[in-house]
Amino acid sequence: MMSFEMSDRKKIGLGLTGFGVFFSFLGIIFFFDKGLLAMGNVLFISGVALTIGLKSSAQFFMKRSNFKGTVSFGAGFVLVIIGWAILGMILEAYGFVVLFSGFWPTLAVFLQKIPIIGWIFQQPLVRSVCMFITVFCDEMQNNYGFNASD
């Protein structure tokens with residue numbers, strides 16, 4: 001089994017990303033509370049930047065193939081900040097899917113290898129849902145060119 005060292009910066013980044021997802025989830029549960037959604041967005045973006053580094057984050061979001069996702073995620077972020085939470089979250093969700101559609105297969109394999117959570121993700125129903133998401137993301141990439149370099 002391959003092990004890797006995780007620096008304190010990456011640990012903090014993963015924590016911030018997790019809290020960002022948690023606060024965004026709470027914001028949606030509490031009927032699109034703009035304060036929780038805004039806090040979740042800020043924590044998520046700062047967590048991603050700390051986890052993969054500032055330079056890598058800038059390169060990822062500024063890649064030409066990620067332009068649609070970056071613009072829609074950023075526009076959604078601004079809409080959430082100014083108070084239009086539902087429209088902002090719709091735009092952010094679209095941008096999130098466009099930006100991170102290439103990571104779904106990697107995420108599914110990673111989740112299957114975690115001791116307790118992996119057992120859940122290896123169940124037939126959950127595995128078929130993961131396969132559906134993977135195939136759907138591949139189709140989106142092929143048909144609409146979400147990650148194709150233009």
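Per-residue answers, yes or no, for (1) surrounded by 13 or more Cβ atoms within 10 Å (Cβ to Cβ); (2) of a type in the set (Asp, Glu); (3) modelled with pLDDT of 80 or more:
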site	(1), (2), (3)
93	yes, no, yes
108	yes, no, no
113	no, no, yes
128	no, no, yes
140	yes, no, no
If I go through the stretch 79-92 residue by residue, how many of them are out of contact with any helix residue (DSSP H, G or I) (no Cβ under 6 Å at 6 or more places or on another chain) and part of a loop (DSSP other than H, G, I, E, B)? 1
Enumeration of residues in the stretch 75-92 that are under 13 Å from the mean Cα position of the chain (by Cα) and farther than 23 Å from residue 29 by Cβ: none
Let me confirm something: among 71, 109, 98, which residue is under 21 Å from residue 137 (Cα atoms), out of contact with any helix residue (DSSP H, G or I) (no Cβ under 8 Å at 6 or more places or on another chain) and of a type in the set (A, V, I, L, M)? 109
Given the condition assigned to a helix (DSSP H, G or I) and more than 15 Å from the chain's Cα centre (by Cα), answer yes or no: does some residue in the stretch 93-105 qualify? no
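The values are calculated or read from the model by the stated rules, or taken from the named source; none is laboratory data. Note that the structure is predicted; figures quoted are calculated from it, not measured. Backbone-built Cβ (ideal geometry, glycine too); neighbour counts: all protein chains shown.
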